[in-house]
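A short write-up of the structure that comes next.
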Amino acid sequence: MNTIPDLVFSACKKFNFKPAIEEDSKTFSFKDVYEQSMKISNFLIKNNLKKGDRVAICMNKSIFQVLSILGVSFSGGIFVPVLPNLKKDGINHILSHSGAKFIITDYKRYNEVKKTNYKCKVFFCCENVSSGTKYKNIWREITNYKKKMSHKLKILPNDDAAIIYSSGSTGYPKGIVIPHKNFKLGAEIVSDYLKTKKNDRIAGVLSFNFDYGLNQLWQCFYKGCTLVLK
């Protein structure tokens, strides 16, 4: 259980219908998270995502951002969070420096994607998208998937999982490559010193653009607690 897909699949088996993530009136169980992430993975693979491809995630903190991150991970891709409110040059630098093949965004941050001149496929992953957009909405597409899907792609602990970029306050943002096993170790370390228990509810106030926010997420899958997004 040293990769993100292993962590999520194991949580699905152990905790099943227990709430994993809550946001306003939406609640996703561990089973829901696993199944919807697999559907997003299937969509991305059908759209030619290959193992090791970089996918920029330019989204507000939400359940859909979590599912997009996990969908990329299940596909063997490398997720690249894009910080909010970066200038055009900063976003272009992250996209070109990481070699992003796709961008996944939502309606709230679409304007940041629009101002870049980087050429790659763009997808939405959210409930509400303006009808005038020309890009596919993953969430709308996967609602038609009926058959159950299982994880088949072999992903190793040392495979790259993410490229996390700095805020760029002293120049262009600088990227750090993080393998799958480091996120699992982070979940172990954080849940150990916080004494996290299965029935805990964690207020998710931290950003998923950095590892400290992501470690809140991973420890929920590791321990079976619930992340309440704020």
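The values are calculated or read from the model by the stated rules, or taken from the named source; none is laboratory data. Given the structure is predicted, the values throughout are model-derived calculations rather than measurements. In this analysis, Cβ positions are derived from the backbone assuming ideal geometry, glycine residues included, and neighbour counts consider all displayed protein chains. Remember, those area values only see protein heavy atoms, side chains included, never the ligands or the DNA or RNA. Shrake-Rupley method; radii C 1.70, N 1.55, O 1.52, S 1.80 Å.
Just a few scattered comments:
- From 62, 41, residue being closer than 18 Å to residue 229 by Cβ, of a type in the set (Ser, Thr, Tyr) and touching a residue at least 24 places away in the same chain (Cβ under 8 Å): 62
- Here residue 133 meets the list (1) in contact with a Lys or Arg (Cβ under 7 Å, 6 or more places away or on another chain); (2) surrounded by fewer than 15 Cβ atoms within 10 Å (Cβ to Cβ) almost entirely, failing just condition (1).
- Flag for residue 187 being touching a residue at least 12 places away in the same chain (Cβ under 8 Å), within 30 Å of residue 114 (Cβ to Cβ), open to solvent by less than 80 Å² (accessible area, probe 1.4 Å) and of a type outside the set (D, E, K, R): no
- Note on the stretch 112-126: residues that are open to solvent by 40 Å² or more (accessible area, probe 1.4 Å), over 25 Å from residue 5 (Cβ atoms) and not hydroxyl-bearing (Ser, Thr, Tyr) total 4.
- In the stretch 69-113, the residue that is nearest to residue 138 (Cα to Cα) out of those that are among the small types (Gly, Ala, Ser) and in a loop (DSSP other than H, G, I, E, B) is 75.
- For residue 7: the one exception among (1) within 23 Å of residue 225 (Cβ to Cβ); (2) surrounded by fewer than 16 Cβ atoms within 10 Å (Cβ to Cβ): (2)
- The single residue among 109, 201, 140 that is open to solvent by less than 70 Å² (accessible area, probe 1.4 Å) and not acidic (Asp, Glu) turns out to be 109.
- Hits in the stretch 61-90 - residues which are at pLDDT below 95 and either under 24 Å from residue 28 (Cα atoms) or acidic (Asp, Glu) (or both): 89
- Residue in the stretch 46-59 that is farther than 29 Å from residue 167 by Cα and either part of a loop (DSSP other than H, G, I, E, B) or in contact with a helix residue (DSSP H, G or I) (Cβ under 8 Å, 6 or more places away or on another chain) (or both) present: yes
- If the condition is being among the polar types (S, T, N, Q) and within 11 Å of the chain's Cα centre (by Cα), then the stretch 61-79 contributes 62, 65, 68, 73.
- Residue count for the stretch 156-183 under the criterion of being at pLDDT below 95 and open to solvent by less than 20 Å² (accessible area, probe 1.4 Å): the result is 1.
- Filtering 18, 26, 31, 13 for residues that are free of Cβ contacts under 8 Å to residues at least 12 places away in the same chain, open to solvent by 10 Å² or more (accessible area, probe 1.4 Å) and over 22 Å from residue 98 (Cα atoms) leaves a single hit, 13.
- Taking the conditions (1) at pLDDT below 95; (2) open to solvent by 20 Å² or more (accessible area, probe 1.4 Å) in turn, residue 101 satisfies each one other than (1).
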